[in-house]
Amino acid sequence: MQSHYDVIVVGARVAGSALAYELASAGYKVLLVDKSTFPSDILSTHNFFGNSLAMLKEMGVLDRLLETGAPPYNRAVIQFEDAVIDGRFPEVNGEARCLCIRRTHLDHILFEHAASQEGVTAIEGFRVTGVIREGGAVAGIEGERRGGGTERYTARLVVGADGRRSTLRDLVHSERKLSVPTDFASYVGYFAGYRQEGDLHAELYKIGDKIGIVFPTNDGLHVVGVMFPLDDEEWGSRFSRSPEKTMREIVDSGFANAPLPARLAQSTLVGAIKGLRGYDNDWYQGMGEGWALVGDALTFKDPAVGQGMQDALYVARTLTGVLSRYTDWSANWKEMAHMYQSLTESLMMSRFQMACQFTKNVPFSPEQHAVNRLIAASPEVTQSFLGIYNRAVEPYQFEQAVRELAARLG
């Protein structure tokens, strides 16, 4: 096994495996490492919109993901207080389907796909413990395999794709540029026997100070998530003592005027309820001398907006494109870092800001209530609204559509 590569990627889930694939396709020699072994689960949202499915198809992995039995869907029903927005996602890049695939399937398939590419060497169960530096620049990693001794590998670039609590990010001392803490605690479970009216669809509820999300996923299950104010000590304590009972109780009390309670009452929990109590929506410096960040290591957003995994795919392509513009990386770190930061902000900042708004426990204003009702009343504007999620529509275009509808209605 060789010891020197063009790029070392630390973290081999969605962002890391996608990056390894993109880099290999561009002709680079890549070492892909992860502290976990696959298949393995991780707490996260795991929904792809149509734009992401189009990218997965281009990568040559979509058919295998569909073979896992995760059911494609195209409809979303969103309830903001008394406004019910029911519509379909617009087509983008020839793809209109969405897919919510469990991480036990998704990460394993993406890892195997990346590892099968010519030029990729992959190691599971490898924990990074430090970085190698030469003249101040990062030049490699050191770490240990499970049950083994220390190993060292060098590269022209080391990339952290190891999640929102990135070890690599800490080792290179990336600066946090933006940080907006959430006001919510989140709990998630998988349920069998969950029945929806009509065809399969995603559900999103924001009623009072609580948020609910539902997606159809593998094995005939639906993933159900609830969010409540982080400073609500009573609900937090109850979740700690009895997670399933408390999830059902908070759904019954917080979403009484929605279809969620009746659907959940007929469903059976499969596995355990898992929780995330507090997190930051943050954005870090994306590149420095000899290092870069992708995925949640670069920027983490409130999971309720469902943008993390598709951003991981986009950023993998963006970073590969930046690297491909330069032959001598060591002489151009500053220029490359500026380009990478500019491109990622242009690509993702509008959705990051949307997540920062969603993550705060702020009631809808009277003006927003009026806008929500306008959206719900217009199939055209509903589709424009849903198009924000799969990047068929930019937020400013949606806002223009709302203004035009309001003007028509007088």
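Pairs please, first residue from segment 321-343 and over 18 Å from Tyr28 (Cβ atoms) and in contact (Cβ under 8 Å) with a residue 40 or more places away in the chain, second anywhere and of a type in the set (A, V, I, L, M) and not in a helix (DSSP H, G or I), Cβ atoms under 8 Å, 6+ apart in sequence or on different chains.
If the second residue must be of a type in the set (A, V, I, L, M) and not in a helix (DSSP H, G or I), the pairs left are Ala337/Met287; Gln341/Met287.
Would you confirm, using the coordinates I've provided, whether Ile132 is touching a Gly at 6+ places or on another chain (Cβ under 8 Å) and either modelled with pLDDT under 95 or more than 30 Å from Tyr5 (Cβ to Cβ) (or both)?
Taking the combined requirement at face value, the residue does not satisfy it.
In segment 15-38, which residues are in a helix (DSSP H, G or I) and farther than 15 Å from Glu124 by Cβ?
Listed by number, the residues that qualify are Ala15, Ala18, Leu19, Tyr21, Glu22, Leu23, Ala24, Ser25.
Could you check how many residues of segment 267-302 are crowded, with 24+ Cβ neighbours inside 10 Å, within 27 Å of Gly236 (Cβ to Cβ) and either in contact with a Leu (Cβ under 6 Å, 6 or more places away or on another chain) or of a type in the set (Lys, Arg) (or both)?
Qualifying residue count, segment 267-302: 1.
If you take the residues of segment 247-266 that are of a type in the set (Gly, Ala, Ser) and under 15 Å from Gly225 (Cβ atoms), which of them is surrounded by the most Cβ atoms within 10 Å (Cβ to Cβ)?
Ranking the candidates gives Gly254 first.
Out of contact with any strand residue (DSSP E or B) (no Cβ under 9 Å at 6 or more places or on another chain) and either assigned to a loop (DSSP other than H, G, I, E, B) or among the small types (Gly, Ala, Ser) (or both): does that describe Ala258?
Taking the combined requirement at face value, the residue does not satisfy it.
Being among the hydrophobic types (A, V, I, L, M, F, W, C), surrounded by fewer than 24 Cβ atoms within 10 Å (Cβ to Cβ) and either over 19 Å from the mean Cα position of the chain (by Cα) or farther than 30 Å from Asp209 by Cα (or both) narrows it down to one residue among Val10, Val77, Val14; which is it?
Matching residue, one of Val10, Val77, Val14: Val77.
Need a quick list: strands (runs of 3 or more DSSP E) entirely within segment 68-183 having at least 2 residues that are within 30 Å of Asn257 (Cα to Cα).
75-80, 83-88
Can you give me the number of residues within segment 332-389 that are exposed (fewer than 14 other Cβ atoms within 10 Å of the Cβ), small (Gly, Ala, Ser) and under 21 Å from Ala15 (Cβ atoms)?
So the count comes out to 2.
The values are calculated or read from the model by the stated rules, or taken from the named source; none is laboratory data. Everything quoted here is computed from the prediction, not taken from an experiment. Positions of Cβ are generated from backbone atoms using ideal geometry, with glycine treated the same way; all protein chains shown enter the neighbour counts.
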